[in-house]
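Comments concern the structure below.
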Amino acid sequence: MTHRPPRRPPHPADPAWHRPPDPAGVDPAVLAALLRRHGWRRRGGAAGRYGRWTPPGPDGGRTSLLVPESRAFPDSDDLLGEALHALHRSGTPAARQVLLALAAPSDEIHWSRDVATGAGGAAAWRAGEELRTGARRMLLAAALATRARAGYFGARHRRTAAACLEDVLLDPAPDGRRLTAFVPVAGARPLAVRLHHALYATREAIDYRRATGGMDAFDGAVGAGASREFTEALVTLVRGTEGARVAVAWAPAADVPDGCAAVAEPVEFSPGDLPVLREAGARYLRAEPSVPVRLTGTVVRMRRARPDGPGTVRLRVLTGADVPHVRVTLDEEAYRVAGHAHLVGLPVRVDGHLDSRDGFRRLTDPRGVVPVQVDEGERERLLKALREDLDFPGDACGGE
C-alpha cells in the first residue's frame, strides 16, 4: 500500500464528494481495504492480478467488481476505472460510502443505535434526528477537546471547534439507525483521534464506577478528551434505545495515528450507563473552576433599571477569552465609562473571572474598566461591525 501526502478535502457541499474519483489518484490496495470495510466480499479472481468483489445484501450474487491488486499489469488502469464507474452507477449505500472515502483520505466514525423495530413515519424520522444530533454533539465535543483539556467548556472555544467540523461529511443510512462521518485526514485527524481516546476512557470510567462505586476515573478521562459535552452527547445517543455503538476506522491511505490500534472494536453503551453518564456530567460542571481573564471587547448592549446606579453590559469579545460574548454587571462609574466608549466607538478592557456556572458567558468581579485607544481605521471598522449587529439603534440598550 502506498501513502500519498494528504490533500485538501472537498467541502461537504462540493460535488467532488459525489462523483467518481480520478482512477489515476486511487491506490488499488486502498480501494480493496475500503470495500472490505463497507461489507463487500472478495469472491475469487486471478491471484496476484485482481479480485472479484460483490456487495453486501441480496444483490451480492448479481453484481461484482473486478479490482486490480496493483498497477503492475497493462489492464490495471482500465479495470480500476471500470470498477469506480460501476460503484458510481450502483447508488447503494455500500458503494456510496466507498466513493465518499475515496474523495479524500478520511477517517470514518460509525454510529449505530438499537431502536425498536417496526417504527415508521414520524417515529423513524425522530430516531434519525436523535442520531444526527448525538453524532454532531460528539464531534463538537471531540473538536473542543483538541483545543484544550477541560471537564466543561461551556461557551469556550466554540468558534474554533466549529471550524474543525466544516470539512466533515455526515452520511446517514436510510433506516435512521446508522450514521457515518467522514473526517478528512488533512486538517481534521486530531478530532478523530481525540474522539477515539475519549470513547475508550469514558467506557473504562463507567466500568470503574460500576465495579468500585468511585468516580475518580472520570477525572483522569478528561486528559483523553472526556467532558460534560461528551457525556451529554452519549446520553443523547443512548436515550430511548436498547444500546448504541461508536467505532472509529482509520483511513487506509494514511498511517495509523500514534497510540491507536490499527483496528479498534466498537465501543458500546447501554441504557444502564445513563445514570453514570449524567452523574459524570454534573461532576464535570461542578468541578470546572472559573477562569481569570483580562479581555477587550466592544459594548453591544447596555441595560440598567434606573438612570443611575449599576447596570449590565454585553461585550463582544475581541481578545483575552475564546468566547464570542460575555455579560458583566458594572458599578455606576464603570457603567458610565463603558457607555462613553460605546458612543465614541471604542472597545473597553476589563479584568475579571469567567464564571463556569454560567457557561463562561458571564464575567464576575469586574475591575479596571478602561477604554482602549485604536486608530481611526480600526475604530470605523468596529463601528461598522456594531451597526451590522444591531437591527436598529435602540437595540444597544435593549434586553438580553
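Coordinate-derived values only; no laboratory data. Please read these numbers as outputs of a predicted model, since none were measured by experiment. Cβ coordinates were reconstructed from backbone atoms using ideal geometry, including for glycine residues, and neighbour counts include every protein chain displayed.
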Size of segment 22-103 along its principal axes in angstrom, Cα-based, largest extent first?
33, 27, 19
Rank by packing, highest mean first: peptides 21-33, 243-255, with packing defined as the count of other Cβ atoms within 10 Å averaged across residues.
243-255, 21-33
Can you report the principal axis dimensions of segment 210-343 using only the alpha carbons, biggest first, rounded to whole angstrom?
63, 40, 27
Kirkwood-based Rg over Rh for segment 107-287 (C-alpha set), two decimals?
0.95
Which one, Pro174, Leu363, His342, projects farthest toward the positive side of the charge dipole computed for the chain from Cβ point charges (K/R +1, D/E -1)?
Pro174
Over the chain, what is the mean sequence separation of C-alpha contacts under 8 Å (at least six apart), divided by residue count, expressed as relative contact order in percent?
14
Any chance you could run the full-extension gain for Glu82 through Thr319? It's 0.36 nm times the residue separation minus the Cα-Cα distance, nm to one decimal.
79.9 nm
For Ala29, project a label point 7 Å along Cα to C-beta. Then give me every residue of segment 178-207 with its amide nitrogen under 20 Å of that point.
185-186
Run the quick spin-label model on Glu242 and Glu333: label points 7 Å from Cα toward the beta carbon, then report their separation in nm to one decimal.
6.9
Kyte-Doolittle mean at least -0.5, axial Cα span of 24 Å or more - DSSP H helices of the chain:
122-147, 185-212
Ranking request for peptides 38-44, 346-352, 189-195: highest mean number of other beta-carbon atoms within 10 Å first, then the rest in descending order.
189-195, 346-352, 38-44
I need the GluC sites (Glu not before Pro) found in segment 133-230, filtered to DSSP loop residues with at most 16 other beta carbons within 10 Å of theirs.
Glu166
